[in-house]
Amino acid sequence: MQALLLILLLLSLSTARAKMGWTLEQCRKHFGHELWMEDDGPTFGIKYHYYTREENIARDAPAFYFPGLLLTVTFDSDGTVGKIWWRKCGEFSDREIKQLLKSSSAVSWSPAPDSPNNDWCEQQRPTHWLGKQNGVILFDAQEECTPMGGGHDNLTVTTRKHEGS
């Protein structure tokens, strides 16, 4: 049963890929219409279902539980994706993080030298990664676990602004 759940989660991650540099139209083509708008951009659901707090309590689930992933994108001034924010209940596995980082851009990802561990994450691993191309850092990625509503994990990839590069 656990193997089946892992397979289903990995399949949902394969559809969760958003690319840095995509336009809103490309995001809509890939994910369908957004569920709602955050202050900084549209939010899409991947294998996502909304439950009210009362429905979750009746199901004996944490109050703010949701299955699947939420994906919010923010656009840079040129109209292309400059930030990708994935959210899920529970923690991302190392494999999920690697897959999401790889899908966000065709760069080489590695832990930042000063990467701290997050006290809320059960898995002790780096929480800050750098995306490099030809030795130049183009993207930053940050994982943040929170204890809210049974525990959520956030993974954010952003463009890095370079001065003089």
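The values are calculated or read from the model by the stated rules, or taken from the named source; none is laboratory data. On a predicted model such as this, the values are computed, not experimentally measured, just so you know. Every residue, glycine among them, receives a Cβ derived from its backbone with ideal geometry; neighbour counts consider all protein chains shown.
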Just checking, does the stretch 18-25 include any residue being more than 23 Å from Glu144 (Cα to Cα), at pLDDT 80 or above and not in a loop (DSSP other than H, G, I, E, B)? yes
Single condition Phe64 does not satisfy, out of (1) closer than 21 Å to Cys145 by Cβ; (2) part of a strand (DSSP E or B): (2)
Being exposed (fewer than 15 other Cβ atoms within 10 Å of the Cβ) and within 12 Å of the chain's Cα centre (by Cα) is the filter here, so list the residues in the stretch 80-101 that pass it. Lys98
Taking Ala63, is it at pLDDT below 85, under 18 Å from Thr159 (Cα atoms) and either touching a helix residue (DSSP H, G or I) at 6+ places or on another chain (Cβ under 7 Å) or buried (at least 19 other Cβ atoms within 10 Å of the Cβ) (or both)? no
Residues of the stretch 26-58 satisfying the condition of being more than 10 Å from Leu71 (Cβ to Cβ), in contact with a Gly (Cβ under 7 Å, 6 or more places away or on another chain) and outside any loop (DSSP other than H, G, I, E, B): none
Of those in the stretch 67-76 that are surrounded by fewer than 23 Cβ atoms within 10 Å (Cβ to Cβ) and at pLDDT 90 or above, the residue nearest to Lys47 (Cα to Cα) is Leu70
Restricting attention to the stretch 141-165, the residues that are modelled with pLDDT under 80, outside any loop (DSSP other than H, G, I, E, B) and of a type in the set (Gly, Ala, Ser) number exactly 2
